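Read through the structure below, which is laid out as structure tokens, and then see the notes.
The values are calculated or read from the model by the stated rules, or taken from the named source; none is laboratory data. Quick caveat: nothing in here was measured; it's all calculated off a predicted structure. Neighbour counts are summed over all protein chains in view; Cβ atoms, including those assigned to glycine, are modelled from backbone coordinates with ideal geometry.
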Amino acid sequence: MGKKQESHWQPYSPKADALREEVPRMYRWDLSHLYASVAEWEKAFRDVEARIAGVGKCKGTLSSSRDALLQCLDLCFDLRRLAARLQTYADADYSTDQASSEAKARTDRVQGLWTRINEATAFVEPELLAMDPAVLKDWVSKGGLAKYAHYVDDLIRRRAHVLPPDQERLLALTGDLRAAPSFMHAALEVDVKFPDTTGEDGKPAALTMASFPSFRGSANRDVRREAVEKFFGTLRAFSRSFTASLDMAIKADVLLARARGYGSALEAALDQSAIPVTVFETLMRTTEQNLPKTLHRYVTLRKRLLGIDRVHYFDLYAPLLPQMKRSVTWPEAIELALSALKPLGPDYVKAVAAALDPNARWVDVYPNKGKRSGAYCNASYRDRPVVFLNFMNELEDVFTLVHEFGHAMHFVASHKAQEFVNADAPIFLAEIASTFNEELLLDYLLQKATTKEERLALLSKRLENIRTTVFRQTMFAMFEKIIHQEVESGGALTAERVAEIYAALVKKFYGPDFEVGPDDGYEWAYIPHFYYNFYVYQYATGLMSAIALSRAVLSGDKEAVARYHAFLKAGGSDYPVDLLKAAGVDLTRPEAMQATFDLFSATLDEVERLTAEPR
């Protein structure tokens, strides 16, 4: 197909089981900017393997001179850069054809390559910490070493918690043991069998971990009640096994924190990204203070709109308002996305438009047989990003499109502005640009809504986004804090005690109009994130930051737009909290978080007003 013919989008109707060759070429990404062929990838892989041996020559030389230090750090980080590029290609190739054993083998080989690189470079940080900190900081303050200044500063910051080499080796040897509880939980998820439940058609249907969300979201209350009761009842029956694995995960977190001299597992987890404990505490406190005028009100509204006496867990995911069913073609989705992103300025919109040109082929748009589900964006350093979608011509897919291009433009901006060592934003910041773009799209669609029903559907989406990403994840984080404290104070995590803690939090968060069911306290066993050591709070702070930043940009504040672009360019060049402060969001104080609660409350006001009007 010639370039002239590809200057516009070819009509195509997505099919989940389409052969990849049936999807027009313009809708399939082009990975040749990474490697022109698998043979070229193989050659690059062998080249990286060959360079690993050179790292050993640096051992014992880092403190000998500035040049020796620069040479070694450049080699170590260049190996990581090249391995990341190999991984970007391998993961992208495999994600479009999971039936390919050759593609899967390449992803496995890259994982093994990372292990060898990490093993070969393990001496670097202990050698750096053995140097006089003043000398080391002076060396990286100028010349070619200046790009490593933040890396070294962060390493010195963690100095008190880095153990002597022999003790670090012992801790490293516990890695598989510390990972075991998560594997145990995953095995339980597979082995636990749930009884069949009744589907929408009145016939028996398979209830599984994967199918549970669709049942609990049914518009039929009997269907969702039966599924939730059977699901949680089964979790309760296996609760001693689930609790045993969770208890060991918590004890592993506590052991590691104490071994490194931290005051708590929470402090140890947050310190990995230099997040002050005050950020976590502010999130807990501010959320709890806002519950009566936000989530409790939401539950009361849900009770009224569903026409029920009390709200149960099985009522939380039922459609609150009529959902907006709107078919959106790919060209229409691009037009919507570009219009919604205009507050970020013409250069940003122009860059996204160029990436979405039919000839650019940044995006793998439609599903095909063997393609994995979901969506993601990835990018190796200073290579154009690859954007993975499963677009099905639905409005929700447009939100996914702008979400992934939030990541893509973050990669582009930070990779262009930063050296590799500082190019990628840490996890604490990674989801801000993506959810920021979703906020811009939601605001744009609300401005363009022409009917009350359309507006209510969009307002409902905003409520659900905040409920599930801020309130629910904060409740999870509070649960994590309590169970860690139980172990740290010498308490025992029995199945009954864990369920009691969880059920009490459910009642606190959802308020007086919510009825806690006898097995609701066992929902925690369904959540794998409790094995990720204080990870989930970042979902809440990420969306809160995105909302605060997007409100400022949408207000027309040109300085807010400039600060946001500076944030995108900064990547990981400074500590996450400081980068956010420079963008205008101080998460150590409640004001930034309060913006989300105020938006939620204002959205409730409008929904209450619109649903109170005569139909």
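Structure above, values below:
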| read-out | value |
| --- | --- |
| Selection status of residue 492, of a type in the set (A, V, I, L, M, F, W, C), at pLDDT below 95, surrounded by fewer than 15 Cβ atoms within 10 Å (Cβ to Cβ) and over 23 Å from the mean Cα position of the chain (by Cα) | yes |
| Any hit, region 248-256, residues being surrounded by fewer than 17 Cβ atoms within 10 Å (Cβ to Cβ) and in contact with a strand residue (DSSP E or B) (Cβ under 6 Å, 6 or more places away or on another chain) | no |
| In region 188-238, residue farthest from residue 323 (Cα to Cα) [restricted to those that are among the hydroxyl-bearing types (Ser, Thr, Tyr) and part of a loop (DSSP other than H, G, I, E, B)] | 208 |
| Members of region 356-393 found to be among the hydroxyl-bearing types (Ser, Thr, Tyr) and buried (at least 22 other Cβ atoms within 10 Å of the Cβ), listed by number | 366, 380 |
| Residue in region 84-91 that is among the polar types (S, T, N, Q) and crowded, with 17+ Cβ neighbours inside 10 Å present | yes |
| Pair list, Cβ < 9 Å and 6+ apart or interchain, from region 552-579 residues that are within 12 Å of residue 424 (Cα to Cα) and surrounded by 16 or more Cβ atoms within 10 Å (Cβ to Cβ) to residues that are β-branched (Val, Ile, Thr) and modelled with pLDDT under 95 | 576/427 |
| Flag if residue 68 is out of contact with any Phe, Trp or Tyr (no Cβ under 9 Å at 6 or more places or on another chain) and either outside any helix (DSSP H, G or I) or modelled with pLDDT under 95 (or both) | no |
| Residue check, residue 158 out of contact with any His (no Cβ under 6 Å at 6 or more places or on another chain), closer than 22 Å to residue 422 by Cα and at pLDDT below 95 | yes |
| In region 111-158, the residues that are under 30 Å from residue 90 (Cα atoms), in contact with a helix residue (DSSP H, G or I) (Cβ under 6 Å, 6 or more places away or on another chain) and small (Gly, Ala, Ser) | 120 |
| Residue that is farthest from residue 596 (Cα to Cα), among those in region 507-524 that are among the hydrophobic types (A, V, I, L, M, F, W, C) and buried (at least 19 other Cβ atoms within 10 Å of the Cβ) | 524 |
| Residue, surrounded by the fewest Cβ atoms within 10 Å (Cβ to Cβ), within region 525-550, restricted to residues that are without any contact (Cβ under 8 Å) to a residue 60 or more places away in the chain and either assigned to a helix (DSSP H, G or I) or more than 18 Å from the chain's Cα centre (by Cα) (or both) | 529 |
| Qualifying residue in region 35-46 (condition: surrounded by fewer than 15 Cβ atoms within 10 Å (Cβ to Cβ), of a type in the set (Lys, Arg) and free of Cβ contacts under 8 Å to residues at least 40 places away in the same chain) | yes |
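For (1) of a type in the set (A, V, I, L, M); (2) modelled with pLDDT of 95 or more; (3) not in a loop (DSSP other than H, G, I, E, B), each residue gets a yes or a no:
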| site | (1), (2), (3) |
| --- | --- |
| 343 | no, yes, yes |
| 366 | no, yes, no |
| 369 | no, no, no |
| 382 | no, yes, no |
